[in-house]
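Everything below concerns the one structure shown next.
The values are calculated or read from the model by the stated rules, or taken from the named source; none is laboratory data. It should be emphasised that the depicted structure is a prediction, and the values quoted were computed from it without experimental measurement. Cβ atoms come from the backbone with ideal geometry, glycine included; neighbour counts cover every protein chain shown.
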Amino acid sequence: MTAAANLRAESGPAASGTGLPDIDAAQIVKGLARELNADKIELPGFPDIVARIHRALADPDVAASDIVKLAASEPALAARLLQLANSAAFNKSGREVADLRGAITSLGFNTVRSQATAFAMKQLDRQEWLQPIRPVLADIWKNSNGVAALCFAVARQVRGVKADEAMSAGLFHLIGKLYLFARARQESIDPQAIAGWERALNEWHVAIARAILDHWKIPARVAEAVEAQNAIFDADNEELEPLVRILCGAKLHLRLRKPGAPAEPEAEQALARIRIDGRGFEELVRAAQADAQLVQAALA
């Protein structure tokens, strides 16, 4: 049984009186995820256009003109895609991309899909009802952005891995946490007042992310990588797909190299085990650093 299926099986009705001390964090998290049982997943505060773009891109025969029409209906998103298509990170030729159709064709559907979600994540910061958790949302966005940029830059050096899929995996890897914090706020729950919230969040957010990505019909390789984002702790390097190794490595590298980060010997050992195409992950990062900085600036 997959983690997402396991979550569907275990999530029950929302706990009543969720502010009471006799309700534990795991119950609350499962309650917030109860929509998974009905396969009706809506991320609170996400613009409807994002769900419409995901549904359209789930059709393998969708025409670029259909995606252009959808993106054009949200001027801020259209402007964002044009900006990205003309950035140094995504436009190596230097030729100007002058219209939305050209931007979508240049970026590709995978990048459009992930950037629509990134656009929605940033829009959450403008919603007044989410004001109390803005610092949390900002941290999720910063982390997702950094991991996505590093995944993209490293994947460009690796055979058989699509850089746009690696970027998508990075951007999506914390979508379960974002969902749970937004749902908690929607239900007037203060996570900081709940003992064990962080532990429950870390235990369940990956399964919730997989359920969301399946609902959006995100390509299976990306969804599987997100679900396996911590697999390097439990599996041999060669057992994992290169895309999974890239996501695991990017997460660990940014966590462990963050200024002031505490020592984590087990995580350091896991990072040291990651090798792709005969190269250690840290070697790949050094070679990709300049590219990653360009991508991160473009995504920001």
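Checked against the criterion of being over 23 Å from residue 276 (Cβ atoms), in a helix (DSSP H, G or I), free of Cβ contacts under 8 Å to residues at least 60 places away in the same chain and not aromatic (Phe, Trp, Tyr), the candidates 200, 138, 184 yield just one match: 138. Residue pairs whose Cβ atoms lie under 7 Å apart, sitting 6 or more positions apart in sequence or on different chains, and linking a residue in segment 50-71 that is outside the structural domain of residue 121 (by TED's automatic domain parsing) to a partner that is exposed (fewer than 14 other Cβ atoms within 10 Å of the Cβ), do not occur here.
Filtering 98, 103, 58, 89 for residues that are more than 20 Å from the chain's Cα centre (by Cα), surrounded by fewer than 19 Cβ atoms within 10 Å (Cβ to Cβ) and of a type in the set (A, V, I, L, M) leaves a single hit, 98. Taken over segment 29-82, the residue count meeting the criterion of being of a type in the set (Lys, Arg), at pLDDT 90 or above and more than 15 Å from residue 117 (Cα to Cα) is 1. Quick check: anything in segment 226-247 out of contact with any helix residue (DSSP H, G or I) (no Cβ under 8 Å at 6 or more places or on another chain), surrounded by 13 or more Cβ atoms within 10 Å (Cβ to Cβ) and more than 20 Å from residue 163 (Cβ to Cβ)? So far as segment 226-247 goes, yes, one or more of its residues are out of contact with any helix residue (DSSP H, G or I) (no Cβ under 8 Å at 6 or more places or on another chain), surrounded by 13 or more Cβ atoms within 10 Å (Cβ to Cβ) and more than 20 Å from residue 163 (Cβ to Cβ). I'd like to know if segment 282-293 contains one or more residues that are in a helix (DSSP H, G or I), of a type outside the set (D, E, K, R), without any contact (Cβ under 8 Å) to a residue 12 or more places away in the chain and surrounded by 12 or more Cβ atoms within 10 Å (Cβ to Cβ). No, the conditions are met nowhere in segment 282-293. Restricting the first member to segment 100-114 and to residues that are assigned by TED's automatic domain parsing to the domain that holds residue 63 and among the polar types (S, T, N, Q), and the second to residues that are surrounded by fewer than 18 Cβ atoms within 10 Å (Cβ to Cβ) and not in a helix (DSSP H, G or I), the beta-carbon pairs closer than 9 Å and six or more apart or on different chains are 106/91. Total residues in segment 97-111 satisfying the condition of being outside any helix (DSSP H, G or I) and among the β-branched types (Val, Ile, Thr): the figure is 1.
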